[in-house]
1. For the structure I just gave you, tell me whether TYR104 is in contact with a Gly (Cβ under 8 Å, 6 or more places away or on another chain), surrounded by 15 or more Cβ atoms within 10 Å (Cβ to Cβ) and of a type in the set (Ser, Thr, Tyr).
2. Give me a count of the residues in region 84-101 that are over 12 Å from ILE152 (Cα atoms) and either of a type in the set (A, V, I, L, M) or exposed (fewer than 14 other Cβ atoms within 10 Å of the Cβ) (or both).
3. How about region 29-69: which of its residues are of a type in the set (S, T, N, Q), exposed (fewer than 13 other Cβ atoms within 10 Å of the Cβ) and at pLDDT 95 or above?
4. For residues in region 33-74 being under 21 Å from GLY10 (Cα atoms) and small (Gly, Ala, Ser), which is nearest to the chain's Cα centre (by Cα)?
5. For SER79, work out the one condition from (1) in contact with a Ser or Thr (Cβ under 6 Å, 6 or more places away or on another chain); (2) open to solvent by 80 Å² or more (accessible area, probe 1.4 Å); (3) under 30 Å from ASP19 (Cα atoms) it doesn't fulfil.
6. So GLY10 fits all but one of (1) out of contact with any strand residue (DSSP E or B) (no Cβ under 6 Å at 6 or more places or on another chain); (2) surrounded by 14 or more Cβ atoms within 10 Å (Cβ to Cβ); (3) over 30 Å from GLU139 (Cβ atoms); what number is the exception?
7. With the requirement that a residue be open to solvent by less than 50 Å² (accessible area, probe 1.4 Å), out of contact with any helix residue (DSSP H, G or I) (no Cβ under 6 Å at 6 or more places or on another chain) and over 26 Å from VAL74 (Cα atoms), what does region 107-138 give you?
8. Pairs please, first residue from region 13-24 and over 20 Å from GLY56 (Cβ atoms), second anywhere and assigned to a helix (DSSP H, G or I), Cβ atoms under 6 Å, 6+ apart in sequence or on different chains.
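The values are calculated or read from the model by the stated rules, or taken from the named source; none is laboratory data. Since the model is a prediction, treat every value here as computed from it, not as a measurement. Note that we place each Cβ from the backbone using ideal geometry, even for glycine, and neighbour counts take in every protein chain shown. We work out accessible area using only protein heavy atoms, side chains counted, and drop any ligands, DNA or RNA first. Shrake-Rupley method; radii C 1.70, N 1.55, O 1.52, S 1.80 Å.
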Amino acid sequence: MERIPISPEGCEKLRRELDHIIKVRLPQNIKDIETARGHGDLSENAEYHAAQETNGLLRARINELKNKIATCEVVDPDSTPKDRVVFGARVTIENLSTGEEKQYRVLGPYDSDPNEGTISFSSPLGRAMLGKEEGDVVEFRSPGGIQKMEIIEVN
């Protein structure tokens, strides 16, 4: 089984979501099913069918989270090298076409959320930056075409 690196915070976030679904959302959903069942004929009871569908989605998400947690390998970013781009590095890059600077933290696929400033090491940009140092220029293919970025800072 392939182990997927994850930050301690990312692993805790998965565990909290799993715990919330099991302890809060699933019991509420079971109550919703029972309430809908009490409304009569199940064959034409839209509320019952919706609650059953939600139940299936919740159970699928529980299985997905359990599988993710089982395949995770927690890596402390503080224990990784600070002089090059590796798991856990915070990287400031400059788009050489636009001059725009952005900062990302390079983490695993389960931690990735570009809107929150984290990208996966397996993303096109993440793969291009791995092992690089400040001053290096990386090139990668994005949906918008070939992009060139300079690594301004690694910390």
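1. yes
2. 4
3. ASN63, ASN67
4. By that ranking, first place goes to ALA70.
5. (1)
6. Failing condition for GLY10: (3).
7. Result: GLY135, single match.
8. Listed pairs, sorted by first residue: LEU14/LEU65; LEU14/LYS68; LEU14/ILE69.
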